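Written out below as structure tokens is the structure these notes cover.
The numbers here are math on the coordinates, done by the rules we state, and not lab data. Just so it is clear, the structure is predicted and the values come from calculations on it, not from any experiment. FYI the Cβ positions are ideal-geometry reconstructions off the backbone, even for glycines, and counts take in every protein chain you see.
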Amino acid sequence: MTRLRARAATVVAALILTGCSASPSEPADPSASPSPSVTETPSEAVPPDPGPTPRVGECHALTFRQAVAVVGRTEAVACRRKHTAQTYFVGRLRLETPAGSTRRVDSDAAQRQARTTCQSRLPRHLGITPRELRLTMAQAVWFTPSATRAEAGADWFRCDVVAVAGPRALLPQPRRTKGWGDAPVLAMCATAAPGSQAFRRVSCGAQHAWAAVATVDIPGRRLPPQAAVADRMEAPCGDVARARADDPLDFTWTQEIPTGEQWDAGQRYGICWVPA
């Protein structure tokens, strides 16, 4: 038996998608474009436009940068065309406070509502459990209206599913992503052992050398010392690796302990890896 201990040096993009907060994805507001100055009387004033409300099932051709940082705006595309995101839930933001004031769409409370709702609904959409989702490259991203649209009455938030293919790349998706969670292409693999310089997290549909096979919960409000986490993960990871090996006396495995940044983003578990 060979055991390797690894601690990721940085947060991998595939694991921080769930921690991003999103901004508008609707077309730019025409009122933002320069135009000649016009003096209007109240009767001639054009009411503000809240814009269209997203719909469940819409597809989007997001780039990796748009999915992570939500830079730029995209229109929905036909799902028969190549796309990298699909909307699986649309909800309403709770913008009215108990005191009667109105929250901004980019407030912590509004973004927390969108984030927690989208993350909790993704496993159900994909047809897998939350624990199984940990071992996939699928992630939830969320979008809210612009401040201008919100002032005009838009109060929606949109949940999209994306899947990371590898560094700075998203997987193309089928027409329907409902029940897609057990697709082999979504499984999490790596180009090298976690902790090594060549380690890159990739879809198992790409060339890979290691596969993620199990996760181990880490209790507590703060990330324990690395040695304590490694000790906690040793038996579960070893058992999984032994069960998958051809020879129960000769097998290799490694454990990936979350970084402090990953822990703060909500990853309260370590990952067990075996050679592919």
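A few notes on this one:
- Taking other C-beta atoms within 10 Å as the exposure proxy, D246, D106, D160 rank D246, D106, D160 from fewest upward.
- Spin-label model distance (nm) - A152 vs R112, 7 Å beyond Cα toward Cβ: 3.0 nm
- Here R268 and T53 are evaluated by their C-beta separation; at R0 = 25 Å the FRET efficiency comes out at 0.15.
- Residues E58, E256, E96, E151, arranged from fewest to most other Cβ atoms within 10 angstrom of their Cβ, appear as E96, E151, E58, E256.
- P(r) tail fraction, segment 135-276 - alpha-carbon pairs more than 24 Å apart, %: 44 percent
- Fewest-first sequence of F64, F89, F157 by Cβ atoms within 10 Å of each Cβ: F64, F89, F157
- Here r is the Cβ-Cβ distance between S120 and R176 and R0 is 30 Å; the resulting FRET efficiency, rounded to 0.05, is 0.90.
- For A85, the residues whose amide H sits under 5 Å from its own are H60, L62, ignoring neighbours fewer than 5 places away on the same chain, with H placed 1.01 Å from N.
- The simple Förster model, with R0 at 45 Å and r as the Cβ-Cβ distance, assigns A276 and K82 a FRET efficiency of 0.95.
- Potential extension, E234-R222 segment - 0.36 nm per residue separation minus Cα distance: 2.3 nm
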